[in-house]
Amino acid sequence: MSDNREEWKEQQQEEEKTILNQEPRNDNGSSPVVEECKPQTQEEETLEQKLQAKDKRIKELEEENLLLKDQYLRKAAEFENFRKRMLKEKQEAIQFANRQLLLDLVHILDDFERAIKSAENSKDFNSFHEGILMIEKRLYELLERKWGLKRLESVGQPFDPTKHEAITSEERPDHDVSIVLEDYQKGYSLHDKVIRTAKVKVSLPKAKDTSTVNNEQNTMAGT
């Protein structure tokens, strides 16, 4: 009976050895099944946490990028609309810049129409002439008072190339400098800035005799 028991034990030991020999081993002799069951180390847990945090940050940045892109597109569209509106307003300002001036001139045109109709009915030249003078005076006063336009008074003034354009000249021995003798076309200034020079006739001072000048120079040199 004991012999049978010993044989059974030996048989069990042989089977266990066979099973252990057949199980795959790692290089260090440990079983991979056992290693798979081993708990994660602290380093592995820390690495996994870092990866999760990185993925979260990437998602946040992607959402932020989408938001900024949307804001940029909105601002770009607003700026384009603003630019178009300003361009339109600028064009309108240029087109209607002289609106008030033209409205003022329209009243002068009304005066001309009335003067012409009156002259056609009365055939009175003197009345027509007086009416034209009154209209011209009213027009000038309007432009001077409201718009800063002034007429340049040139006759009797020293010649100034910034205000006058000499068309003809006349020698005047009694003049030491060039003086405006006649005003062929009036000059005008706008807010004290000349916008049109006057076309005028000027005097030419008589030049000194060359021989007289040489004698004076020789006398001074001999002295």
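No value in this document is a laboratory result; all are computed from the given coordinates. Not measured: the values here are computed from a predicted model. Methodologically, a virtual Cβ is constructed for each residue, glycine included, from the backbone with ideal geometry; neighbour enumeration extends over all protein chains shown.
Rounded if a/c is under 1.5, else prolate if a/b is larger than b/c, else oblate: which is segment 54-147, with a ≥ b ≥ c the root eigenvalues of its Cα gyration tensor?
Numbers: a/c = 13.96, a/b = 6.06, b/c = 2.30.
Taking the square roots of the gyration eigenvalues as a ≥ b ≥ c, segment 54-147 is prolate.
What's the ranking of 41-47, 126-132, 168-174 by average number of surrounding C-beta atoms within 10 Å, highest first? Intermediate values should be presented prior to the final figure.
On the way: 41-47: 9.6, 126-132: 13.4, 168-174: 11.4.
Descending mean neighbour count gives 126-132, 168-174, 41-47.
Give me the lysines in straight-line cross-link reach of residue 50: C-alpha distance below 17 Å, same-chain residues under 8 apart excluded.
Once the sequence-local lysines are set aside, what remains near residue 50 is 59.
Quick check: from the Cα gyration tensor, does segment 94-147 come out rounded (a/c under 1.5), prolate or oblate?
Oblate.
Going 7 Å from the Cα of residue 112 in the Cα-to-Cβ direction, what parts of segment 179-200 have a backbone nitrogen less than 19 Å from that spot?
186
Could you tell me how many cubic angstrom of Cα convex hull volume segment 150-207 has per residue? Mind showing how you got there, number by number?
Numbers: hull volume 3.7 nm³, N = 58.
Per-residue hull volume (Cα only) is 64 Å³.
At a Cα cut-off below 29 Å, give the lysines reachable from residue 137, other chains included and same-chain residues fewer than 8 away excluded.
117, 123, 146, 150, 163, 186, 193, 199, 201
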